[in-house]
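Below is one structure, written out as structure tokens; the observations come after it.
The values are calculated or read from the model by the stated rules, or taken from the named source; none is laboratory data. Because the structure is predicted, anything quoted here is derived from the model rather than measured. When we count neighbours, we look across all protein chains shown, and the Cβ atoms used for this are built from the backbone with ideal geometry, even at glycine. These accessible areas exclude ligands, DNA and RNA; they are computed on the full protein's heavy atoms, side chains included. Shrake-Rupley method; radii C 1.70, N 1.55, O 1.52, S 1.80 Å.
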Amino acid sequence: MSFLNPFALWFLSLAGVIFLFYLLKRRKKEIFISSNFLWQKIVKNLPSPHFQWKLPFSWLLLIQIIALILMVLALSNPLLFRKSKENFLVIVLDTSASMESTDILPNRFFVAKKRIEKVLKTLPRNTKIALISSVPPRVVSSFSDSQSYFLKRLKDLEPLDLPGKEKEALNLASSLISKKRGEILFFTDTSFSPEMFTLKENMKFIPIVSENPRNVGITSFSIRSTAVQSGEYEILIKIENFSHKTEDIVLRVLANEKLLYQEHLQLLSLKKKIFTYSFICNQKTFLKVELKTNPPDDLLIDNFVGIVINPDQTLFVLLVSRGNLFLKTALETYPQIKLFVKDKVSLEETPEYGLIFFDEITPPPSLKGNIVCIASLSPDFPLKSKGWEKDPPLTYIKKSHPLFRFVNLEKLNIRRALSISSLPGAKILLRSFQTTLIQIWQKDDLNLLLISFDLYDSDFPLQVGFPVFIFNLLQWFHPEIFDPQYYEVHTGENFFISREGKNLLTDPDNHSLKLEGKSTFSQVNFVGPYKLNGDIYFVANLLNREESNISPQAKIYPFEKEESSVAEEREKWPLFSLLILLALALLLGEWYLYYRNRRVKK
Amino acid sequence: MGKLILDEKFLRQLDSLRLLSKKVESGHFQGERRGSKSGSGLEFIDYQPYQMGDDYRYIDWHLFSRFEQLFIKLFVEEKDLRVHILIDRSFSMSTGVPSKIEYAKKLAAALGYIALVNFDRVGVISFTSHLEESLPQRRGKLQILELFSFLQKISSNGETNLNLCLDKFASRERKAGIAIVISDLLDEKGYQKGLLSLRTHGWEVSLIQILEEKEVNPEGEGGVVLVDKETHKKIETEITSSIIKLYQKALGNFLKEIENFCEHYQIKYLQTLTSLPLSSLIFKNLRRKKVLK
């Protein structure tokens, strides 16, 4: 216990004043006896009584003294230190890709686990511990006294080839102890961007990192088909040296395990280099880029990127039109498209086509699939045309939409357009005051792009952006055919599996998962090729500069030397209010006693 | 009708007792006590010649027929006893548990009952600094309830003046008998003169002094003010064990003084505490002191 205002204890001397008052006002007790004539004889011979310093016992005096002591103690503002009934410790473990670095052996993640185990041994018994993984941010073990349970969950935890989500993990940890006393220990290699943290008092970073780790990584990769030759692709690779010394690097590009290119180079410390290669590919190809250093660097998962190129896919497109040369020509440009032109179509025929254009032809009702309606409305669309609107001015263009990538519609002139409102829940891409000119509507199995003006009633087909718009449109409806990078994802992203039927997906660690029909696969946790029914289907790459930069960020983060101070923490308990309440209660009791005594005497 | 001060069972036990006295001739009426004079009792003792004024009923006509002289039959005259119970009802008698006055009233009731059962004449008088209300002398069992009723009404009050009251009583009563004085004798002015007056007027005196436990073993510690219940005089003193011993010594001397006085003047003296059961007092102590038989 300590006193914030110890000088107030001098007021205890007031107890002496109370004693003095009692001595001065002391009244001798009256005893009524039958006759005191015998006493007279005795007292007559005795000396007169002296002043007596001894006070008779009095409850009132005792209560007053105790009340005074309590009030003086309250004024001195005492604080009682007591051990917290429960200490809370949240351990956040960085499970991101960079924790697989082998700069400290066997790797950072293993060392982090060992250091956590060491911390656990120093904790008091009443500590409740929780474990949170940073990737994905989740509670692995909720608050528990059981260290064995915690260790079991810790043992099961493995690092993933994913970029870190440190902010989310720390927010989760803070929310767990927001109303409790506790501490957050973040075991991390600090390979993340520093700008997003609001460090709290109870947050401590425990660095799991060596001083000079070595790493060279592929931080960027992209592929595109060239317009020069059918089946020709161009790839771009950026490699960076995060080491503090020059690294000898061998870069190899392989197609279906066949070497296409190989480079030997030296990359200076903290420098990057970009490589571009072109190659021809007319069939499904697993393209792989490998990077090797001598000696091997500390993080291997960023030394690989891969992609599946699938050029032999064909899209059946139906153009229902009385004749639209611009559109027909634009669609016929792409070798992946097999175009059919008709002036009318029945509903039964529509499932055969991957994309159907209705150019000023009213589509049949109950349509499904990918549909583009140009100046035409299906009777089952929940809107009605109010006629034609002449020269509609453009008032809104959603430039950020993928359909308008590299397309400038600001100078688009439209002579007339159907006067329609937007479909319920539709995304509007282009509109004028009175009408919606281009909108996207997705409902059930229908993906509809509704263009409310005839291409011939505008100068759109004459603009440079028109074929680009058509390509964007095709890529938006069928990215698996028109996006060469469709079969490459970054770890942590989702991948849409468009194959029907029962499928067996196998990840690079040979974990298999049964899938039924089209589905979105959300557990892209490892770098490498993912196989569907035994064939490589897509490839996951790390491609994260922050994870590849495995050097410590000690200049940015305040690290703690001591790993935990939970055991030392004590709870402060101010006693002021309690003492005052007790003193008041005592004074109330004293008043009652005094009042009762007075009544008894009367 | 008065309520019984003593329970019936106890009263039945009292039936076997009687007051001891040498003063049997002092009664007016025939009683159950054998007097020293001849009279109209049942026990024949002698003849004497008829004289003018003798009661014709006692002429022995058989002797007249034989001697032609009138003779009167003489019998042992059975006298009643005059018993007066004097109760000190001053304020000093109000202390104790039970209070001294309550104890005195019960004692008086018991003695009165014994006397009435034995056809003695019983009178009761209370006193403080002067003589208070009194129950005139009466005899016979039927008077018991009236006696109890009178005793119940007695309550302690006022100062005491034992000498004055006893002297006044002795002077007032023409014929002496037994005077049973019940008091705590805690009177600054003394008791001797009053008792002596009774004795000189021919009363056979029994003095029963009632004290309470706290008067014998006083309590308290430290500075106290002792307040006299009667006079309200205050004595400020410090109660200590040595002072208590001094007090007990003074009390012992006081009691011894009384005892010596009573012995000297042939007064039956008995001292009792209110904590002593009444039955013990009556059946043991009073019999031992030959107040009762």
Practice item. Test B:T231 against the stated conditions and say whether it is closer than 14 Å to A:L38 by Cα, of a type outside the set (D, E, K, R) and at the interface with chain A (Cβ under 7 Å from one of its Cβ atoms). Key: no
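Has region A:298-315 got at least one residue that is under 16 Å from A:G217 (Cβ atoms), among the charged types (D, E, K, R) and open to solvent by 70 Å² or more (accessible area, probe 1.4 Å)?
No, every residue in region A:298-315 fails to be under 16 Å from A:G217 (Cβ atoms), among the charged types (D, E, K, R) and open to solvent by 70 Å² or more (accessible area, probe 1.4 Å).
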Exercise for review: Pairs only if they're at least six apart or on different chains, beta carbon under 8 angstrom, first in region A:286-312 and in contact (Cβ under 8 Å) with a residue 24 or more places away in the chain and under 30 Å from A:P335 (Cα atoms), second surrounded by 17 or more Cβ atoms within 10 Å (Cβ to Cβ) and basic (K, R); list them, first residue then second.
Suggested key: A:V305/A:K288; A:G306/A:K288
Review point. Looking at region B:260-278, which of the residues that are over 17 Å from the mean Cα position of the chain (by Cα) and in contact (Cβ under 8 Å) with a residue 12 or more places away in the chain is nearest to the other protein chains (Cβ to nearest Cβ)?
Key: B:T274
**Study point:** region B:97-107, subset surrounded by 22 or more Cβ atoms within 10 Å (Cβ to Cβ) and of a type outside the set (V, I, T), residue nearest to the other protein chains (Cβ to nearest Cβ)
**Key:** B:K100
Exercise for review: Take region A:412-449 and flag every residue that is modelled with pLDDT of 90 or more and charged (D, E, K, R).
Suggested key: A:R415, A:R416, A:K427, A:R431
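Restricting to region B:260-281, and then to whatever is assigned to a helix (DSSP H, G or I) and either among the β-branched types (V, I, T) or out of contact with any Ser or Thr (no Cβ under 6 Å at 6 or more places or on another chain) (or both), can you tell me which residue is least open to solvent (accessible area, probe 1.4 Å)? Full working, then the answer.
Initial filter on region B:260-281 (assigned to a helix (DSSP H, G or I)): B:260-264, B:278-281.
Subsequent filtering for residues that are either among the β-branched types (V, I, T) or out of contact with any Ser or Thr (no Cβ under 6 Å at 6 or more places or on another chain) (or both) retains B:260-264, B:278-280.
Details: B:N260: 77, B:F261: 29, B:C262: 1, B:E263: 136, B:H264: 132, B:L278: 27, B:S279: 50, B:S280: 29 Å².
It comes out as B:C262.
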Study note, to complete from the structure: Across region A:512-550, the tally of residues that are out of contact with any strand residue (DSSP E or B) (no Cβ under 7 Å at 6 or more places or on another chain) and hydroxyl-bearing (S, T, Y) stands at 1
Check your understanding: Any residue in region A:305-321 that is farther than 30 Å from A:F495 by Cα and assigned to a loop (DSSP other than H, G, I, E, B)?
Key -> no
Check your understanding: Quick one: is A:K328 closer than 12 Å to A:I470 by Cβ, among the charged types (D, E, K, R) and not in a strand (DSSP E or B)?
Key -> yes
Exercise for review: State all residues of region A:350-375 that are assigned to a strand (DSSP E or B) and touching a Lys or Arg at 6+ places or on another chain (Cβ under 8 Å); if no residue qualifies, say none.
Suggested key: A:D359
Practice item. Could you tell me whether any residue of region A:543-551 is loosely packed, with under 15 Cβ neighbours inside 10 Å and either over 25 Å from A:H401 (Cβ atoms) or in contact with a His (Cβ under 7 Å, 6 or more places away or on another chain) (or both)? Key: no
Practice item. Considering each residue of region A:287-297, count those that are crowded, with 18+ Cβ neighbours inside 10 Å and not in a loop (DSSP other than H, G, I, E, B), and give that number. Key: 5
Exercise for review: Have a look at B:E221, B:E236, B:E257, B:E215 and point out the one that is touching a residue at least 40 places away in the same chain (Cβ under 8 Å) and either open to solvent by 70 Å² or more (accessible area, probe 1.4 Å) or facing another protein chain (nearest Cβ under 8 Å) (or both).
Suggested key: B:E215
Point to revise | Among the residues listed as A:K114, A:K155, A:K165, the single one being at pLDDT 90 or above, within 30 Å of A:N494 (Cα to Cα) and open to solvent by 80 Å² or more (accessible area, probe 1.4 Å) | key: A:K155
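How many residues are free of Cβ contacts under 8 Å to residues at least 40 places away in the same chain and under 23 Å from A:I280 (Cβ atoms) when one looks only at region A:239-259?
Of region A:239-259, the ones free of Cβ contacts under 8 Å to residues at least 40 places away in the same chain are A:241, A:245-246, A:253-259.
So of that shortlist, the ones also under 23 Å from A:I280 (Cβ atoms) come out as A:253-259.
Looking only at that region, the number is 7.
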Study note, to complete from the structure: Those residues of region B:171-212 which are charged (D, E, K, R) and more than 14 Å from chain A (Cβ to nearest Cβ) amount to B:R172, B:E173, B:R174, B:K175, B:K193, B:R199, B:E204
Practice item. Return yes when A:D509 is in contact with a strand residue (DSSP E or B) (Cβ under 9 Å, 6 or more places away or on another chain) and open to solvent by less than 40 Å² (accessible area, probe 1.4 Å) and no when it is not. Key: no
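Here is a check on your reading of the model: is A:T246 within 29 Å of the chain's Cα centre (by Cα) and closer than 20 Å to A:I550 by Cα? Spell out the reasoning first.
Values: within 29 Å of the chain's Cα centre (by Cα): no; closer than 20 Å to A:I550 by Cα: yes.
No: the conditions fail for A:T246.
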Practice item. Answer yes if at least one residue in region A:514-525 is assigned to a loop (DSSP other than H, G, I, E, B) and of a type in the set (D, E), and no otherwise. Key: no
Check your understanding: Residues in region A:463-478: is at least one under 25 Å from the mean Cα position of the chain (by Cα), open to solvent by 40 Å² or more (accessible area, probe 1.4 Å) and closer than 24 Å to A:Q313 by Cα?
Key -> no
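For every residue, the table says whether it meets (1) under 16 Å from B:R82 (Cβ atoms); (2) touching a helix residue (DSSP H, G or I) at 6+ places or on another chain (Cβ under 8 Å); (3) of a type outside the set (D, E); (4) at pLDDT 90 or above.
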site: B:H130; (1), (2), (3), (4): no, yes, yes, yes
site: B:P136; (1), (2), (3), (4): yes, no, yes, yes
site: B:Q143; (1), (2), (3), (4): yes, yes, yes, no
site: B:S155; (1), (2), (3), (4): no, yes, yes, yes
site: B:D167; (1), (2), (3), (4): no, yes, no, yes
site: B:I182; (1), (2), (3), (4): no, yes, yes, yes
site: B:G190; (1), (2), (3), (4): no, yes, yes, yes
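Please enumerate the residues belonging to region A:574-602 that are open to solvent by 70 Å² or more (accessible area, probe 1.4 Å), charged (D, E, K, R) and in a helix (DSSP H, G or I). Break it down into steps so the answer makes sense when it comes.
Residues of region A:574-602 that are open to solvent by 70 Å² or more (accessible area, probe 1.4 Å), as a first pass: A:574, A:576-578, A:581-582, A:584, A:588, A:591-592, A:594-596, A:598-602.
From the residues that got through so far, the ones that are charged (D, E, K, R) too are A:596, A:598-599, A:601-602.
Within region A:574-602, A:R596, A:R598, A:R599, A:K601 qualify.
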Review point. Out of all the residues in region A:353-371, is one or more in contact with a Ser or Thr (Cβ under 6 Å, 6 or more places away or on another chain), modelled with pLDDT of 90 or more, surrounded by 15 or more Cβ atoms within 10 Å (Cβ to Cβ) and among the aromatic types (F, W, Y)?
Key: yes
Revision key, fill the gap. Apart from one, (1) aliphatic (A, V, I, L, M); (2) at pLDDT 90 or above; (3) buried (at least 22 other Cβ atoms within 10 Å of the Cβ) all hold for B:L196; the odd one out is (3)
Practice item. Kindly indicate whether any position in region A:22-31 is more than 30 Å from B:L211 (Cα to Cα), over 60 Å from the mean Cα position of the chain (by Cα), at pLDDT 85 or above and away from chain B (no Cβ under 13 Å). Key: no
**Study point:** Flag if A:L80 is modelled with pLDDT under 90, in a helix (DSSP H, G or I), out of contact with any Asp or Glu (no Cβ under 8 Å at 6 or more places or on another chain) and more than 14 Å from chain B (Cβ to nearest Cβ)
**Key:** no
Point to revise | When residues of region A:32-46 are limited to those that are assigned to a helix (DSSP H, G or I), open to solvent by 30 Å² or more (accessible area, probe 1.4 Å) and at the interface with chain B (Cβ under 7 Å from one of its Cβ atoms), the one modelled with the highest pLDDT | key: A:Q40
